[in-house]
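Beneath this line is the structure, given in structure tokens, with notes to follow.
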Amino acid sequence: MTSLVQPVRVFIDPVEGTPAAVEARRWVWPLLILALCVSASGTLFSLRWDATPDVIRELQASGEMSTISEADLSDKIQTASRKALVGGIAKGVFVMPFMALLLAAMLWVVSWLFDRPVHFEKLMSVAAIALLPIALYHLILTGCLAAQHTVSVSRVLQLVPSHLGAFLGELSPKMARVASTVDFFNLWSTALLGLGFSAATGMPRTRALLLSLALYAMFAGVMMVGLPGSAGGGQ
């Protein structure tokens with residue numbers, strides 16, 4: 001029971017709870033919680049999602065709408081719903097644990113660069129614990145989805161307004177992406193990452209927090225601003 005309570009303590013007392021969980025090498029329960037919450041939100045989204053408008057919009061953009069039959073349209077809508085279901089479950093079961101592993105590997109490289117040798121299992125604990133706020137976000141999103149009769153993709157993005165862009169007015173696509181990086185749950189995860197890395201490596205807490213913030217800034221700049229802008233051509 002302690003192995004479950006200790007990671008949850010991170011939400012109540014992150015300053016003391018995070019180092020304790022890292023020292024105890026608690027990573028199994030945080031990963032299970034993360035996988036369950038992400039899978040739950042993905043599954044419920046697929047059940048609440050009305051795929052018809054999105055599928056029609058996609059067909060209109062590709063020019064296929066005028067040539068497709070009603071039966072084929074129905075098949076495409078059902079296929080889209082099934083893909084959403086499978087993708088939602090897969091994201092929780094496979095993608096998020098893999099992301100935690102990649103994060104732990106990145107932390108190992110950083111610890112090597114700063115000459116702070118540490119057991120990989122501790123870094124795995126740091127990564128898993130740092131992702132707990134993301135699990136909380138998906139738990140809240142699951143509750144919001146449960147209260148909806150039907151949702152669209154754009155509506156889902158508005159159910160849990162946690163980033164700066166949700167509180168600002170009309171923004172250009174580029175500025176909207178920049179504003180989305182200032183996200184409560186992401187910054188919470190970043191803070192836990194710094195606290196955990198400090199506990200695992202012995203790096204001073206302030207330095208570890210600044211390092212984790214720099215890592216998040218690089219990640220957000222590439223994954224949340226740069227790549228989506230290149231793919232969508234937004235300015």
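The values are calculated or read from the model by the stated rules, or taken from the named source; none is laboratory data. Being a predicted model, the structure only gives us computed values, none of them experimental. Glycine also receives a Cβ, built like all others from the backbone with ideal geometry; neighbour counts cover every protein chain displayed. All accessible areas refer to the heavy atoms of the entire protein, side chains included, with ligands and DNA or RNA removed. Shrake-Rupley method; radii C 1.70, N 1.55, O 1.52, S 1.80 Å.
Summary of computed values
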quantity: Residue 54 paired with residue 119, simple spin-label distance in nm, labels 7 Å along Cα-to-beta-carbon; calculated: 4.3
quantity: Principal-axis tilt of helix 70-90 within the chain, Cα atoms, nearest 10 degrees; calculated: 10
quantity: Approximate spin-label separation residue 62-residue 83, in nm, with each point projected 7 Å along Cα-to-Cβ; calculated: 0.8
quantity: The chain: radius of gyration over Cα atoms, expressed as a fraction of 2.2 N^0.38 Å; calculated: 1.15
quantity: Share of carbon and sulfur in the accessible heavy-atom surface of the stretch 1-145 [1.4 Å probe, %]; calculated: 67
quantity: Helix-derived mean residue ellipticity, 222 nm - over the chain, DSSP H n ≥ 4, -39500 (n - 2.57), to 500; calculated: -23500 deg cm²/dmol
quantity: Net lengthening on full extension, residue 93/residue 153 (0.36 nm per residue, minus Cα-Cα); calculated: 19.4 nm
quantity: Per residue solvent-accessible surface (Å²) - the chain, probe of 1.4 Å; calculated: 55
quantity: Average silhouette area of the stretch 1-104, convex hull of alpha-carbon atoms, in square nanometres; calculated: 9.0
